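The values are calculated or read from the model by the stated rules, or taken from the named source; none is laboratory data. Keep in mind it's a predicted model, so treat the numbers as computed, not measured. Reconstructed Cβ throughout: ideal geometry from the backbone, glycine too, with neighbour counts over all protein chains shown. These area figures cover heavy atoms from the full protein model, side chains too; ligands, DNA and RNA do not enter into them. Shrake-Rupley method; radii C 1.70, N 1.55, O 1.52, S 1.80 Å.
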Amino acid sequence: MSPSRPILMAPSLLSADFAALGASIRVVEDAGADLLHVDVMDGHFVPNITIGPPVVKAVKRVTGLPLDVHLMIERPDDYLEAFVEAGASLVSVHVEVLAHLHRTLHRIKALGARAGVVLNPATPVSAIEEVVGDLDFVLVMSVNPGFGGQRFIARSVEKIRAIRQMLDAAGRDDVAIEVDGGIDATTAPLVVAAGASMLVAGNAIFAQPDPPAAMARIRAAALGAAR
Ligand code: DX5
Ligand code: ZN
């Protein structure tokens, strides 16, 4: 069994008040968030359209937290530089759109950011087998990407377990697994017990009456399951 990893909380700005992003960020930053998860959608890879580099740049100005930029776009290669320049510390790209994933991961790293690969719910674990030595983190989608507030897909737990086994067998116990979609105080312990340690949560934090208390509940539930 791998050594226990710290649990990192990554509130997703998608569920924050876009008209008051600075204030929303301050609330979760003061409450001890570890990262800020930023969802970039292009209306092609996913049915929704959200934000681009100018907003990432503005967010960067008001926070010291690392920005965890999740690119749900058809042509991520065209925008890597813009997002890193805007302030992304972590950049994750979907395996489903990348014919040359190996090259993309190394480009992200060369730009100075941490490189993550994202798998949609229908994408098999084997899709990342050949790049296990090249990635910095794996992001498992536990909903179909595009919107916040969707229901957690239970099958994701098995998938996380399989990815953790694959990483550990390859000597990559330094690689963290991030989970995104439907994470709350009930699902967090399930994914953490399976080997995840970075938890994205949008609705379960920002849509609650007391976001700091909601984040604390998720973290406490996760810590109870940490391996
Ligand atoms: C969905 C996004 C998520 C989203 C998660 O496509 O990638 O980051 O904000 O929202 P919740 O936590 O509400 O499922
Ligand atoms: Zn996301």
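With +1 on each Lys and Arg Cβ and -1 on each Asp and Glu Cβ, and nothing else charged, work out how big the dipole of the chain is about its Cα centre, in Debye to the nearest 20.
340
Which residue, chosen from Pro212, Asn144, Ser12, occupies the Cα position most advanced towards the positive end of the dipole of the chain, where the dipole is computed from +1 (Lys, Arg) and -1 (Asp, Glu) charges on Cβ about the Cα centre?
Farthest along the dipole direction, towards plus: Pro212.
Projecting each Cα onto the charge dipole of the chain (Lys/Arg +1, Asp/Glu -1 at the beta carbon, about the Cα centre), which of Ser89, Ala127, Ile163 comes out farthest on the positive side?
Looking along the dipole axis, the top candidate is Ile163.
Given 0.36 nm per residue, what is the gain on full extension from His100 to Glu130 after removing their alpha carbon distance, in nm? Write down the numbers at each step before the final one.
Numbers: separation 30, 0.36 × 30 = 10.80 nm, distance 1.15 nm.
Gain on extension, His100 to Glu130, equals 9.7 nm.
In sequence order, what are the phi-derived ³J(HN,Hα) couplings for the range 210-227 according to the Karplus relation 6.51 cos²θ - 1.76 cosθ + 1.60 with θ = phi - 60°, rounded to whole Hz, with x for glycine and proline?
Each residue's phi maps through the Karplus curve to give 10, x, x, 5, 5, 5, 4, 5, 5, 4, 5, 5, 5, 4, x, 10, 4, 9 Hz.
Could you go through the range 165-179 in sequence order and give the Karplus-derived ³J(HN,Hα) for each residue, using 6.51 cos²θ - 1.76 cosθ + 1.60 with θ = phi - 60°, rounded to whole Hz, and x for Gly and Pro?
5, 5, 5, 5, 5, 8, x, 9, 6, 7, 7, 8, 9, 9, 10
Mind giving me the nanometre distance, one decimal, between the label points for Lys109 and Arg151, set 7 Å out from Cα along Cα→Cβ?
Placing both labels 7 Å beyond Cα along the Cβ direction yields 4.0 nm.
Please turn the phi angles of the range 6-20 into ³J(HN,Hα) values with the Karplus equation 6.51 cos²θ - 1.76 cosθ + 1.60 (θ = phi - 60°), one per residue in order, whole Hz, x for glycine and proline.
x, 8, 10, 9, 10, x, 8, 5, 4, 9, 7, 7, 5, 7, 8
For the chain, what is the Kirkwood hydrodynamic radius in Å, using each pair of distinct C-alpha atoms? Mind dumping the intermediate values first?
Numbers: mean 1/r = 0.0581 Å⁻¹.
Here the Kirkwood hydrodynamic radius works out to 17.2 Å.
Of all the accessible heavy-atom surface of the chain, with the other protein chains kept in place and a 1.4 Å probe, what percent is carbon and sulfur?
Whole-percent figure for carbon plus sulfur exposure: 53.
Rolling a 1.4 Å sphere over the protein heavy atoms, what is the accessible area per residue of the chain, to the nearest Å²?
Here the residues of the chain average 42 Å² of exposed surface.
Going by accessible area, probe 1.4 Å, with all protein chains left in place, what is the ranking of Ser197, Ser4, largest first?
Working: Ser197 5, Ser4 85 Å².
Reading off the accessible areas and sorting them downward yields Ser4, Ser197.
Under the 0.36 nm per residue contour assumption, what length would be gained going from the current alpha-carbon distance of Ala122 and Ala170 to full extension?
Length difference between fully extended and current span is 14.9 nm.
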